[in-house]
1. Quick check on region 18-46: of everything there that is of a type in the set (A, V, I, L, M, F, W, C) and closer than 13 Å to H63 by Cβ, which residue is surrounded by the most Cβ atoms within 10 Å (Cβ to Cβ)?
2. Could you figure out which of (1) surrounded by fewer than 15 Cβ atoms within 10 Å (Cβ to Cβ); (2) under 13 Å from I19 (Cβ atoms) isn't true of F51?
3. I'm checking my understanding of the structure. Among residues of region 114-138 that are under 13 Å from the mean Cα position of the chain (by Cα) and surrounded by fewer than 18 Cβ atoms within 10 Å (Cβ to Cβ), which one is farthest from M21 (Cα to Cα)?
4. In region 81-112, how many residues are more than 26 Å from L29 (Cα to Cα), more than 13 Å from the chain's Cα centre (by Cα) and not in a strand (DSSP E or B)?
Amino acid sequence: IELLHFSWQTQEKVPCFLIQMYHPEQGNLNVFNFIKFNEKRNYKSYETMTFGRKDTCNVRLSHPRASRLQFQIEAFLTPDNSRLQFEVKNLSDRFLLYLNGQELSYLQKHHLPWSCNLRFSEFEFYLEQEEGETVMQYDVTFQKRTRVPCENESPSVSSQFEMPYQNLHRIFQEPVEVGEDLELHMVS
């Protein structure tokens, strides 16, 4: 998939994300019903991309095992690099977030590598970044995966953590977040 995008104002290449999403119940439940797949979305570099159940999240997830605020992706610059870089922060105090198998607890953040897997509960996200020249904006395209990433697709990433279906007993022991706004997000 070609991720190249250019800013119409400056003709600079825009940094891009391809985010592929998977949940084992996505066929039976409307887990991703608020997400427009295969459409480019543009964010200003100062905007964060927030994932969770809350109405204010950019990427809304409709499942009780997603927190109201689950995690965010934010752009930043460093003094020694003029290109946009990105980091992920776990916003959930109920669920651990795994970045390529590395555990991120509540409010912990980590630099995002160019390609990586993010996982919490039964949710899986495979992210690919393409570097750009502009620091003013970035583009994101979401795709729905029909299956979890295989080890031969990205062995350095997906083999570093256990797949959710391999430890069902752990999944059912994880807490389910309930609250007054959950019913609004659960569509039959």
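Throughout, read-outs are computed from the coordinates displayed, never taken from laboratory work. Just so it is clear, the structure is predicted and the values come from calculations on it, not from any experiment. As a convention, Cβ positions derive from the backbone with ideal geometry for all residues, glycine included, and neighbour counts pool all protein chains shown.
1. So the residue we want is V31.
2. (1)
3. Here the answer is S115.
4. Adding up the residues that qualify gives 5.
Residue-wise test of (1) polar (S, T, N, Q); (2) touching a residue at least 40 places away in the same chain (Cβ under 8 Å); (3) under 18 Å from F142 (Cβ atoms); (4) part of a loop (DSSP other than H, G, I, E, B).
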{"position": "N33", "(1), (2), (3), (4)": "yes, yes, yes, yes"}
{"position": "F37", "(1), (2), (3), (4)": "no, yes, yes, yes"}
{"position": "N42", "(1), (2), (3), (4)": "yes, yes, yes, no"}
{"position": "E47", "(1), (2), (3), (4)": "no, no, yes, yes"}
{"position": "T50", "(1), (2), (3), (4)": "yes, yes, yes, no"}
{"position": "S62", "(1), (2), (3), (4)": "yes, yes, yes, yes"}
{"position": "S67", "(1), (2), (3), (4)": "yes, yes, no, yes"}
{"position": "E74", "(1), (2), (3), (4)": "no, no, yes, no"}
